[in-house]
Amino acid sequence: MSGTGLVEATHLVSCLGATTAQDWVRTRTAGSVIPSLSIRTLGELPVVLPPLAEQDAIGATLAALDDKIQAYSEITRATRAYRAVLADALMNGVLSADP
């Protein structure tokens, strides 16, 4: 780890979920039938630790984006359900596409 040495749990979770960390893990578990890492190997994972205030800001930004992803996922799910019901009604003559 490089930086302050102090870490917010949410920041560490975000770091572990980042593409670079995932790639790092994949290269060290490649070829394994059951992917696993030792604590020693995991301790070698490079993690940048900015000051706690910056970690909090990064966490807040990522949490806001996660909230948006969740909202858009729900909108997508509801729109798909609406489309399915509407398509059935249009195709079965229950509704007309004419105004």
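Readers should treat all values here as calculations from the given coordinates under stated rules, not as data from a laboratory. Treat the numbers as computed from the prediction; the structure is a model and nothing was measured. FYI the Cβ positions are ideal-geometry reconstructions off the backbone, even for glycines, and counts take in every protein chain you see.
Somewhere in the stretch 72-91, is a residue surrounded by 10 or more Cβ atoms within 10 Å (Cβ to Cβ) and assigned to a loop (DSSP other than H, G, I, E, B)? So far as the stretch 72-91 goes, no, none of its residues is surrounded by 10 or more Cβ atoms within 10 Å (Cβ to Cβ) and assigned to a loop (DSSP other than H, G, I, E, B).
Filtering the stretch 19-56 to residues that are exposed (fewer than 13 other Cβ atoms within 10 Å of the Cβ) and within 18 Å of the chain's Cα centre (by Cα) leaves 19, 20, 22, 23, 26.
Annotation: residue 66 fulfils all but one of (1) outside any loop (DSSP other than H, G, I, E, B); (2) surrounded by 12 or more Cβ atoms within 10 Å (Cβ to Cβ); the unmet one is (2).
Within the stretch 4-29, residues that are farther than 21 Å from residue 63 by Cβ reach partners that are part of a helix (DSSP H, G or I) with beta carbons closer than 8 Å, at six or more positions or on different chains, in the pairs 28/41.
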